[in-house]
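Undergrad: Below is the structure I would like to discuss, written out as structure tokens.
Readers should treat all values here as calculations from the given coordinates under stated rules, not as data from a laboratory. All figures in this text were calculated on a predicted structure; none of them were measured in a lab. Positions of Cβ are generated from backbone atoms using ideal geometry, with glycine treated the same way; all protein chains shown enter the neighbour counts.
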Amino acid sequence: MKKRLGPSDRLYPMPVPLVCGGTIEHADACAVAWIGICATDPPRIAIAMRESRYTLELIRANGTLTVNTPSAADAAVVDYFGITSGRTTDKFAASGWTLEPSAVVEAPRIAECPYQMECRVTHEIPLGSHVLLVAEVVESHAEESVLDQAGTKVDVAALDPLVYIAGSREYRRLGEKVADAYTIGKGIGRNQ
Ligand SMILES: Cc1cc2nc3c(=O)[nH]c(=O)nc-3n(C[C@H](O)[C@H](O)[C@H](O)COP(=O)(O)O)c2cc1C
């Protein structure tokens with residue numbers, strides 16, 4: 001028996017990277033859970049932000065941003081970036097986290113985050129409470145310690161990304177592997 005819960009903005013689970021805008025001289029970043037890949041060729045990411053975010057103001061100034069995936073161990077810093085505004089506080093100075101220049105775009109990367117994407121905004125779509133930024137991912141970087149043995153793909157167990165649970169408002173980490181995707185489903189319907 002399912003209970004109707006009404007219209008909902010909750011999807012379980014959500015990643016919660018830090019989105020960074022501005023320049024290496026003056027940047028701001030905030031936690032963003034309403035985010036997801038929305039195209040492959042070219043790769044694009046969709047990011048929902050409220051107009052009030054100072055990070056959004058800096059993103060608009062040069063049309064670029066970075067998406068920085070933190071480790072679960074850094075939940076406190078991510079939360080700090082999600083409850084403090086760069087309008088009044090230099091979050092980098094306060095947290096001790098640091099910026100590093102991007103390879104392609106003007107917006108800097110957050111050095112303490114082991115997986116980072118450089119992006120250029122291509123679309124802005126007003127959606128009432130939020131504006132949806134669609135951005136092309138023009139480069140990505142991973143710390144060698146979070147790469148697989150071949151050194152070509154991120155090993156998600158090593159990355160140990162922080163996960164956000166809306167509703168209960170809690171941070172979690174990923175559980176164990178369940179199966180190989182695009183593979184385990186092949187067995188279904190074979191003998192029918
Ligand atoms: C777990 C978490 C998830 C968040 N997700 C979003 C989001 O998806 N979009 C958004 O606009 N703000 C989101 N926020 C709020 C911003 O991170 C927060 O308002 C931040 O202080 C804005 O900082 P800024 O003004 O320096 O940009 C989230 C906050 C937390 C703690």
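Undergrad: At 222 nm, what value in deg cm²/dmol follows for the chain if DSSP H runs of at least 4 each add -39500 (n - 2.57) and the sum is divided by all its residues, to the nearest 500?
TA: Computed mean residue ellipticity for the chain: -3500 deg cm²/dmol.
Undergrad: Among Asp148, Asp28, which comes first, then next, by fewest other beta-carbon atoms within 10 Å?
TA: Asp148, Asp28
Undergrad: Right, something else. What's the local net charge at Ala158, with K and R +1, D and E -1, over the other residues with C-beta under 14 Å away?
TA: Here the charged neighbours net out to -2.
Undergrad: For the charge dipole of the stretch 1-159, defined by +1 on Lys and Arg C-beta atoms and -1 on Asp and Glu C-beta atoms about the Cα centroid, which residue among Ala39, Ala158, Pro7 has the Cα displaced farthest towards the positive pole?
TA: Most positive-ward Cα: Pro7.
Undergrad: Once you charge only the Cβ atoms, +1 for Lys and Arg and -1 for Asp and Glu, what is the size of the charge dipole of the chain about its Cα centre, to the nearest 20 debye?
TA: 1180
Undergrad: Radius of gyration and Dmax for the stretch 14-187's Cα atoms, expressed in Å?
TA: When restricted to the Cα atoms of the stretch 14-187, Rg and Dmax are 16.1, 56 Å.
Undergrad: Of Lys91, Lys153, how do they rank once you tally other Cβ atoms within 10 Å and put the fewest first?
TA: By the 10 Å Cβ count, ascending: Lys153, Lys91.
Undergrad: Roughly how many debye, to the nearest 20, is the charge dipole of the stretch 86-141 about its Cα centre, given +1 on each Lys and Arg Cβ, -1 on each Asp and Glu Cβ, and no other charges?
TA: The calculation lands at about 200 debye.
Undergrad: Another question, if that's okay. Give the residue list of GluC sites (Glu not before Pro) in the stretch 34-118 that are DSSP loop and have at most 12 other beta-carbon atoms within 10 angstrom.
TA: Glu51
Undergrad: Moving on to the next point. What ranking do Thr69, Thr55, Thr84, Thr98 get, fewest neighbouring Cβ atoms within 10 angstrom at the top?
TA: Going from least to most buried by this count: Thr98, Thr84, Thr69, Thr55.
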